[in-house]
Every structure is written in structure tokens, then in C-alpha cells.
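Every read-out reported here was derived from the displayed coordinates using simple, explicitly stated rules and does not represent laboratory data. The shown structure was predicted, so the numbers you read here are calculated from the model rather than taken from an experiment. We place every Cβ from the backbone using ideal geometry, glycine too, and count neighbours over all the protein chains shown.
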Amino acid sequence: MKMHRNGLRQTMVMWSAFCAGLVFASAAFAHVFPQKQEPGAGATVAAPAQVKITFDGPLEPAFTTLTVTDSTGKQVNTAKSTVDEHHPAVVSVPLPALGAGRYTVHWVAVASDGHRTHGDYAFDVK
């Protein structure tokens, strides 16, 4: 009976180590994704002064960007986007005065571990 208990204990230890490895591996290869967008996707708003996205993890400022285009595909922001130095999961870009219409936000987010994600969403200005 002792051999059976030892074998079971060894199997449990190995299984626990395997599961812990999976958890740490997934954390090491994490990507960042938007948690909050201002203005939000699909929103109709008065002309915003900026676009701001909060991600679920810290961003690499040198490689993270936001651009905003109008309905013809022309980029409307002239300033570069910046990652907030006090809140490294937040990136924003100031906007000029926008007229009524549909605008698309294009984002590229690079996590502090170097993994890149990207996406876009639209909002309307009334």
C-alpha cells in the first residue's frame, strides 16, 4: 500500500507543478486588451477633446499608438498619442475640433513584455 500512496503523491506533485507552469507561462506571454474606451465603441457624442483607451496591463510607450480617421480614411489627429506615465495602462491622443460624422480609432498596443495587439472601433460625432 505504501508504494501506491507514494506513486499517487508523486503524481499529484507532478500534476501541480505542470499546472503552475501553465499559469506562469500564460502570464509571461500576456497580451493587453482594451478595458475602457472614451468615447466608447458605437457611441454618439459631442466632439471629444481626446480619445483615451485603458488597457488591462502596462503598455510599452515607444510602440503603442492611437490614430483617428474620418469617414474618408484621412487621419484627423496631428499630435502623437502618449502613454500616461502615472498610469501605464492608459494611452490617449488629443483631437482637433471634429465636425459631425463617423470617426474610427485605430490602436496598436504593445505590452511591457513586447507582445503586440491591435484593433479599431468607430464612434459618431453629432
(request) Read phi for every residue in region 68-76 and hand back ³J(HN,Hα) as whole Hz from Karplus 6.51 cos²θ - 1.76 cosθ + 1.60, θ = phi - 60°, with x for Gly and Pro. (result) 10, 10, 8, 5, 8, x, 7, 5, 9
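Trypsin sites (Lys or Arg not before Pro), restricted to region 23-114: which are DSSP loop and have at most 11 other Cβ atoms within 10 Å? Intermediate results must be reported in sequence, preceding the final value.
Numbers: sites: 36, 52, 74, 80, 102; in loops: 74, 80.
When the trypsin sites (Lys or Arg not before Pro) of region 23-114 are filtered for loop state and at most 11 Cβ neighbours within 10 Å, 74, 80 remain.
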(request) Quick one: go through region 97-114 and flag any residue whose amide nitrogen is under 16 Å from the point 7 Å out along the Cα-to-Cβ line of residue 71. (result) 98-105
